[in-house]
Amino acid sequence: MTLTELKYIVAVAREKHFGRAADACYVSQPTLSVAIKKLEDELDVKLFERSAGEVTVTPLGEEIVRQAQSVLEQAAAIKEIAKRGKDPLSGVLTLGVIYTIGPYLLPDLVRNSIDRTPQMPLMLQENFTVKLLEMLRTGEIDCAIVAEPFPDTGLAIAPLYDEPFMAAVPSSHPLAQKASVSTQDLKNETMLLLGTGHCFRDHVLEVCPEFARYASNAEGIRRTFEGSSLETIKHMVAAGMGVTLVPRLSVPKDALDTPRRRKSDEPHIRYLPIVEEDGALPPSRRVVLVWRRSFTRYEAIAALRNAVYACVLPGVSRLS
């Protein structure tokens, strides 16, 4: 049994396909297949069920794959320990970020990281929260920036900042004349939502549960539209198709200036703070950095957090 064979079975379990797994491991498919057959013969168990459509992991194979992943992580940790003795920050750090954070945080974060730790380049991966958590578990990424809440997966968590939501309405909309809005003001509007899979969609539905509750009512979810990104949603708002909620960092820098001073690229959108009539705190999300507890590059995580704190984060509450 070799680490290479363990890497192969983890790749097949992840990709559910021998060809894609071989590509991911930079070997030919026959090489990968022969190695896995050798391991199955050595263990005297069948790890995978092969069919024309896809490959599935056997129940016993799932347990062996989990242990193989653990072994690979521990082997990688040995190399990381050796690296830390020379330069704790040396080497690539693979960072995952959810779609509704990446475009607004990463440009500044990458610049800060290059300035502060040029020997630790960031390799970036944007995806949904669920996919990033899976990639953390399998070791495809080292850490991720996501928004709470998410399933408890035993990860180490460091809070970064609390980010309030703002309402985005067409400039021609009656609400655009107000200094602020409440969630009560929004409940009868056509709400533009991100598609299923985006955690920010769930955050919006928590703030405005009417759009989830009245699924069969014309005033509810059937009057909404779904977009693939926040920027797509903003264009729909600018076109007068409805209103939406956006995280504070996605608001253009001068969009909150007075109309006379405003030079925003989005002149057809008005961004309004949300102030509840009962004095309740405005809706927000907590953004956190997560990583595997077995990850040994503690200094790299600390350096990444410091790079985030050095970013310009208007309107958010930084957390330590």
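The values are calculated or read from the model by the stated rules, or taken from the named source; none is laboratory data. Just so you know, these numbers come straight off a predicted model, no measurement behind them. So basically every Cβ, Gly included, is an ideal-geometry build from the backbone, and we count neighbours across all protein chains shown. Surface accessibility is based on the protein's heavy atoms, side chains included, excluding ligands, DNA and RNA. Shrake-Rupley method; radii C 1.70, N 1.55, O 1.52, S 1.80 Å.
Of all the residues in the stretch 137-166, those that are in contact with a strand residue (DSSP E or B) (Cβ under 6 Å, 6 or more places away or on another chain) and either farther than 20 Å from Val246 by Cβ or hydroxyl-bearing (Ser, Thr, Tyr) (or both) number 10. Looking across the stretch 111-127, the residues that are farther than 30 Å from Thr196 by Cβ and surrounded by fewer than 17 Cβ atoms within 10 Å (Cβ to Cβ) come down to Arg111, Ile114, Asp115, Arg116, Pro118, Gln119, Pro121. The residues on offer are Ala218, Ala212, Ala239, Ala255, and the sole one that is modelled with pLDDT of 85 or more and hydrophobic (A, V, I, L, M, F, W, C) is Ala239.
Report yes if Ala158 is of a type in the set (Gly, Ala, Ser) and closer than 27 Å to Asn306 by Cα, otherwise no. Here the answer is yes, as Ala158 does meet what is asked.
Just one of (1) surrounded by 18 or more Cβ atoms within 10 Å (Cβ to Cβ); (2) under 17 Å from the mean Cα position of the chain (by Cα) fails for Leu192. It is (2). Of everything in the stretch 128-152 that is closer than 23 Å to Ala303 by Cβ and charged (D, E, K, R), the residue that is least open to solvent (accessible area, probe 1.4 Å) is Asp142. Entry remark, the stretch 65-110: residues being out of contact with any Ser or Thr (no Cβ under 8 Å at 6 or more places or on another chain), in a helix (DSSP H, G or I), over 30 Å from Ala147 (Cβ atoms) and open to solvent by 40 Å² or more (accessible area, probe 1.4 Å) number 7 in total. Remark: pairs (first residue in the stretch 269-292, within 30 Å of Ile141 (Cβ to Cβ) and open to solvent by 60 Å² or more (accessible area, probe 1.4 Å); second residue assigned to a loop (DSSP other than H, G, I, E, B) and of a type in the set (Phe, Trp, Tyr); Cβ separation under 8 Å; 6+ apart in sequence or on different chains) are absent. Checked against (1) open to solvent by 20 Å² or more (accessible area, probe 1.4 Å); (2) in contact with a strand residue (DSSP E or B) (Cβ under 6 Å, 6 or more places away or on another chain); (3) over 24 Å from Lys131 (Cα atoms), Val169 passes all but condition (1).
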